[in-house]
Amino acid sequence: MAQSAQLTWAEQTATAPAESIPWYIWTCVIAITSASVGGIWDISWHKSIGRDTFWTAPHMLIYLCGILAGASCGYLILSNSFGRSLGARAGAVRIWGFHGPLGAFVCAWGGVAMITSAPFDNWWHAAYGLDVKVLSPPHVLLIFGILVIRIGTLLLILERFHHAEGALRTRLHALLLYTYTFLLVTSFGIFQEFLLRNYMHSALFYLLVSLGACLFLAALYRMSDFRWAGTTVVGIYTVLNLLYVWILPLFHAEPKLGPVFQNVTRFVAPDFPLLLVVPAFALDLARPYWRRWNYWARAAAMAPIFLATFIAVQWPLADFLMTPAARNWFFGTQNFPYFVPSTTDWVQNIFTPVEPSARAFWLRMGSALVLAFLTARAGFSWGDWLRKVRR
């Protein structure tokens, strides 16, 4: 009894009966939510105001993710490593002499990467000025850290999920789908410069969307047996992005840097969300029919279903988004970043001819189908590994 009383809070959580979701999982879920909200807000800040100072509210939300995840998982690892609970160590992995859940190590590494990127980013701006591209070296390190924490949080949830039963398993599954949403959208953030509506009639656009979507959806279909897992995850993505489109323009903003090409008086929201819910729904409908197929056959079915249904709905939506009918609070296509000249295809609502010929277009569209197939196959294997996570 005395020994039990001396156990740390983290040890007691690790060895207690799995009746509730552990505190460190909630902390990490809050962390990745904070980074997502802060990231969208920060991009809007750059579009509406410019880079003001490092100590902006969006930056604080982003780096709060690294602090929360890194500190909570670091504490969990140290408690398991140097505490008195043999049970906590028995259910943990051992890395460099430390003990803890695999997801905790992953989150801790992601937290270190994020926190390291903060002074790096500040120095970069001081030395080279504004970012010309999204993927500057400090931003790459930051995005990598956020991605690692998202994966680590998923691993923490899966470790508990695979041992849980009843109502707890249901709650963990819901948390798993919510967390997975932020993994799904990672590739969209990386390729965002080529996912604007003026690119939506190019094969490059569909190739880039298929890369990430097929990888993460295929992995999800191996992790979750829920019939509508894909539709649920993409539905969460759609709702969150609609909220950004509708809420951000409610707040005042004005540019503090030049040159200024657009009259910006409100925060510029992200573009209207992609209609991924339609291909996700189509794939969810098809899942029972391929359940007994091997992974290559599943990927061969998944790639054309995804690409065909996505093109069928996104192509006409792109046409509509270019019209005056879409320039309202619901679709939000009337707002542009202050630094975008009025002569660009984006502002003039003209599709950018990325491929120089019809032949080049169809060759790249064929490449999109092949890459969707390959990434879906990789996703099934990755999801199979995730399905086996137990500690």
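What follows is calculated from the coordinates using simple rules that are stated; it is not laboratory data. Since the model is a prediction, treat every value here as computed from it, not as a measurement. Cβ coordinates were reconstructed from backbone atoms using ideal geometry, including for glycine residues, and neighbour counts include every protein chain displayed.
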**Request:** Quick one: net charge around R171, please, counting Lys, Arg +1 and Asp, Glu -1 for every other residue with C-beta under 14 Å from its C-beta.
**Result:** 0
**In degrees, nearest ten, helix 203-223 long axis to first principal axis of the chain (Cα)** = 20
**Request:** Return the sequence-ordered ³J(HN,Hα) values of segment 241-255 in whole Hz as given by the Karplus equation 6.51 cos²θ - 1.76 cosθ + 1.60 applied to θ = phi - 60°, using x for Gly and Pro.
**Result:** 6, 5, 4, 4, 4, 8, 8, 4, x, 6, 10, 5, 7, 8, x
**Asked** What is the helix-to-structure angle for 277-290, meaning the angle in degrees between its Cα long axis and the longest Cα principal axis of the chain, kept from 0 to 90 and rounded to the nearest 10?
**Response** 50
**Residue among A213, S202, L141 farthest towards the positive dipole end of segment 104-242, charges placed on Cβ** = A213
**Request:** Return the Cα extents of segment 284-324 along principal axes one, two and three, sorted largest first, each rounded to a whole Å.
**Result:** 48, 16, 8
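Only Lys, Arg, Asp and Glu count, each charged at its Cβ (+1, +1, -1, -1), so figure out the dipole size of the chain about its Cα centre, rounded to 20 debye. Don't skip to the end; give the middle numbers.
On the way: 27 positive and 17 negative charges, 218 e Å.
Here the size comes out at about 1040 debye.
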**Asked** Going toward the positive end of the dipole of the chain, with +1 on Lys and Arg Cβ and -1 on Asp and Glu Cβ, which of M322, A69, W23 do you reach last?
**Response** W23
**Message:** Let me check I have the definition right: for the chain, take the eigenvalues of the Cα gyration tensor, multiply each by 5, take square roots. What are those semi-axes in whole Å, largest first?
**Reply:** 38, 28, 17
**Complete:** Mean 1/r over distinct Cα pairs of segment 196-290, inverted to a Kirkwood Rh in Å, yields 15.8
**Request:** Treat every Asp and Glu Cβ in segment 87-246 as -1 and every Lys and Arg Cβ as +1, leave all other atoms uncharged, and give the resulting dipole magnitude about the Cα centre to the nearest 20 debye.
**Result:** 380
**Request:** Treat each spin label as a single point 7 Å out from the Cα along the C-beta direction, and report the R227 to E355 distance in nm.
**Result:** 3.7
**Prompt:** Along its principal axes, what span do the Cα atoms of segment 293-391 show, with the longest given first and each in whole Å?
**Reply:** 51, 41, 24
**Message:** Quick test of your reading: applying the under-4.7 Å Cβ rule, which cysteines of the chain are isolated?
**Reply:** C28, C65, C214
**Request:** Any chance you could give the angle, 0 to 90 degrees and rounded to 10, that helix 137-161 forms with the longest Cα principal axis of the chain?
**Result:** 50
**Request:** Quick one: which residues, 5+ away or cross-chain, put their amide H under 5 Å from the amide H of V93? H built at 1.01 Å from N.
**Result:** G100, L102
